[in-house]
1. Sort 151-157, 113-119 for me by packing, meaning the mean count of neighbouring Cβ atoms within 10 Å per residue, highest on top.
2. With label points built 7 Å along Cα→Cβ from the Cα atoms of Glu176 and Val46, find their separation and express it in nm.
3. What per residue convex hull volume, in Å³, comes out for the stretch 43-88 when only alpha-carbon positions are used?
4. Size of the stretch 127-183 along its principal axes in angstrom, Cα-based, largest extent first?
5. What net charge do the residues around Cys67 carry, taking every other residue with its C-beta under 11 Å from that of Cys67, with Lys and Arg at +1 and Asp and Glu at -1?
6. Based on the alpha carbons, how large is the Rg to Rh ratio for the stretch 65-147 when Rh follows Kirkwood?
Amino acid sequence: MISFLNTPLFSGSLLRAKVKEIKVKGVLSLFAALLTVAPVNAAIDVYDFHDPAKEAQFQALIEELRCPKCQNQNVADSDAMIAKDMKERVYEWVQEGRSSDDITAELVDRYGDFVTYRPPLKRSTLLLWGGPPLVLIIALIIIVWRVRRKVVLLERREHQEKSRARDEEVAVLLDEIKQHGER
């Protein structure tokens with residue numbers, strides 16, 4: 001027999017542990033390889049246009065409209081069923097010759113102002129338009145208040161330290177006067 005097989009490295013439990021480790025690593029590597037080459041079943045929506053102007057109108061609309069389910073994703077990029085439904089409706093309406101404003105108005109009527117990235121300024125959207133500037137103003141007020149408060153506290157602390165130093169000087173002078181008076 002080969003002599004190195006008789007060494008402790010290749011005997012008993014150590015050998016079994018190494019074989020098991022190699023098998024686990026092999027299985028994990030195979031699994032990772034299968035995941036990387038697995039076919040992707042992504043559905044690609046194909047819309048047939050005979051007029052390039054209508055295709056451009058369709059693309060502009062689906063990129064400008066927001067998916068109601070995905071929140072901050074446009075209809076063009078969303079895979080949600082509601083987005084697919086919206087794309088189908090927009091496609092049909094564009095093919096019928098409807099204007100972009102009519103299509104947007106129809107979708108706003110159905111889903112609300114949320115479906116547009118630029119909702120109109122009206123009573124129901126005031127918080128949407130006024131909220132960010134209001135939050136910014138409140139944040140600036142808080143920052144200015146905290147900075148001023150810190151400055152006041154530092155000035156107060158400095159004043160207290162100066163007062164203590166003066167009080168100590170006065171105490172030293174009074175002690176000196178007492179010592180001169182006693183002589």
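1. Working: 151-157: 10.0, 113-119: 14.1.
My ranking of the peptides, most packed first, is 113-119, 151-157.
2. 10.2 nm
3. Details: hull volume 2.8 nm³, N = 46.
Spelled out: Cα convex hull of the stretch 43-88, divided by residues, is 61 Å³.
4. On the principal axes, the stretch 127-183 reaches 83, 9, 5 Å in Cα extent.
5. With Lys, Arg at +1 and Asp, Glu at -1, the neighbours total +1.
6. With Rh from the inverse mean 1/r over Cα pairs, Rg/Rh is 1.18.
A short reminder: the numbers here are calculations on the coordinates, not readings from a lab. Keep in mind that what you see is a predicted model, and the values were worked out from it rather than measured. All Cβ positions, glycine included, derive from the backbone under ideal geometry; neighbour counts span all protein chains shown.
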